[in-house]
Amino acid sequence: MIKLVAVSLWCAAAALGASYATARWKLDKAGAQTQAAAAEVIEQRKTRVINVPMIVEGQVKGYIVAQFIYVVEANAAKALPVAPENFLIDEAFRIIYADETLDFRQLKKFDLTKFAQELHARVKQRLKSDAVREVLVGDFNFVSREQVRQ
């Protein structure tokens, strides 16, 4: 009779120990995955709309109206001394304003993929960080001076 009680207690203890070890192992594994996910939180942000004047023969003929979307690693962006949006807007303005090949009368011929890649490279270089993962063109239009007056 004593052997039967001892074996029963041993089986119960083994089952409880195995259950505890399994639960502990699953919690540790889930905690490691949560920490890895928390370390790299990706956010999508929009810049404010910018207006870049298009000057032809000393006169403003209209404005390029543009807005950008950028993908940023949240923790890395918080560590930066300046918001990445400021550099993104500045570089976009510089590229558009200085581009001699940009024909505002036929914007469909403008290579937006190349523009977004160049913008991303310049922002990455100025920030000296990989916080900004990708730059997308959200809006890119030309508004003539006459349309602005209306």
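Quick grid of which residues meet (1) closer than 23 Å to Val56 by Cβ; (2) crowded, with 16+ Cβ neighbours inside 10 Å; (3) modelled with pLDDT of 90 or more; (4) hydrophobic (A, V, I, L, M, F, W, C):
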| site | (1), (2), (3), (4) |
| --- | --- |
| Ala83 | no, no, no, yes |
| Ala98 | yes, no, no, yes |
| Gln117 | no, no, yes, no |
| Gln150 | yes, no, no, no |
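For segment 132-148, the criterion of a residue being of a type in the set (Phe, Trp, Tyr), in contact with a Phe, Trp or Tyr (Cβ under 7 Å, 6 or more places away or on another chain) and surrounded by 13 or more Cβ atoms within 10 Å (Cβ to Cβ) is satisfied by at least one position.
Restricting segment 19-39 to residues that are aliphatic (A, V, I, L, M) and at pLDDT 75 or above, the residue that is farthest from Ala76 (Cα to Cα) is Ala21.
Residues checked against (1) of a type in the set (S, T, N, Q); (2) over 16 Å from Ala116 (Cα atoms); (3) touching a strand residue (DSSP E or B) at 6+ places or on another chain (Cβ under 9 Å); (4) surrounded by 14 or more Cβ atoms within 10 Å (Cβ to Cβ):
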| residue | (1), (2), (3), (4) |
| --- | --- |
| Leu4 | no, yes, no, no |
| Thr22 | yes, yes, no, no |
| Lys61 | no, yes, yes, yes |
| Ala66 | no, no, yes, yes |
| Glu73 | no, yes, yes, yes |
| Lys78 | no, yes, no, no |
| Phe87 | no, no, yes, yes |
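Per the listing Val143, Val82, the residue uniquely closer than 22 Å to Val41 by Cα and of a type in the set (A, V, I, L, M) is Val82.
The values are calculated or read from the model by the stated rules, or taken from the named source; none is laboratory data. For clarity, every value in this text was computed on a predicted model and none was experimentally measured. No Cβ is skipped: glycine too gets one built from the backbone with ideal geometry, and neighbour counts run over all protein chains shown.
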